[in-house]
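Have a look at the structure below before the remarks.
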Amino acid sequence: MSTRTILIVDDEAAIREVIVVALEMAGYRTIEAANAQDAHSLIVDQKPDLILLDWMMPQVSGVELARRLKRDPLTAEIPIIMLTAKGEEDHKISGLEAGADDYITKPFSPRELVARLKAVLRRSTPAGIEAPIEVNGLKLDPNSHRVTDQDTELTMGPTEFRLLQYFMSHAERAYTRGQLLDQVWGGNVYVDERTVDVHIRRLRKALGDEHKLLIQTVRGTGYRFSTKVSETDNT
């Protein structure tokens, strides 16, 4: 099983330490941030598999950070569990409306936290999504988050990776830009359809001359991933 990375965002070092011990004993890799600014930098750089986010923090609250992450297509799909000492119903609702996937009230037991975390990760990871995919020497491994051409690793951004993963998992099917936005970016995120074209260009560039031909333009529709020869101009 792959080692999932969990970002713990809490301004109390003692709380972070307790969570780190519990999660590392359960087999997870942990990274830490004491405030929203540091957390955002870590999220962009390391793209954790899940964020444990404290409600009350100085300057920028956890709820506000959650809203920002869900508005950004690069981070919108990362699941979030809100941590808070406040158990009132309105706080729970506010956290969920901000985009949190679950909510746990302090104090909590390490066993409960790990169980809730596992449940959220299961919901956010469809069956089979961790299986490596290989097409014509192009291999995508969701576990290591790597794309390789034979033995050479290809460099691409997180959105291009998700786009390629979706294409390779649904080969030979044509998708409209709107469908790709729903499936790759998420239906709760507003992104202009022209953004898809930008990321398609970036993906083709990252794939190189040989494999960029796998990403085919379907006139009047959108795009498809196909190993079959196409007369379509893919530039």
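Farthest toward the positive end of the dipole of the chain, out of LEU7, ALA98, VAL218, is the Cα of VAL218, where the dipole comes from beta carbon charges about the Cα centre.
Principal-axis analysis of the Cα atoms of the chain puts helix 36-46 at an angle of about 40° to the longest axis.
With respect to the chain, whose longest principal axis is taken over its alpha-carbon atoms, helix 194-211 is tilted by about 60°. Counting only DSSP beta bridges with both residues in the chain, the antiparallel share comes to about 50 percent.
Summing Cβ point charges (Lys, Arg +1; Asp, Glu -1) relative to the Cα centre of segment 1-110 gives a dipole of roughly 200 debye. P(r) tail, the chain: Cα-Cα pairs separated by more than 27 Å, 40% of all pairs. Of all stretches in the chain that contain no GluC sites (Glu not before Pro) in a DSSP loop with at most 11 other Cβ atoms within 10 Å, the longest one is 1-87.
With a Förster radius of 41 Å applied to the C-beta separation of TYR166 and ALA14, the computed FRET efficiency comes to 0.50. Projecting the Cα atoms of TYR175, GLY62, LEU207 onto the dipole axis of the chain, where Lys and Arg carry +1 and Asp and Glu carry -1 at the beta carbon, places TYR175 farthest toward the positive end.
Read-outs throughout are calculated quantities, based only on the coordinates presented, and are distinct from any laboratory measurement. On a predicted model such as this, the values are computed, not experimentally measured, just so you know. No Cβ is skipped: glycine too gets one built from the backbone with ideal geometry, and neighbour counts run over all protein chains shown.
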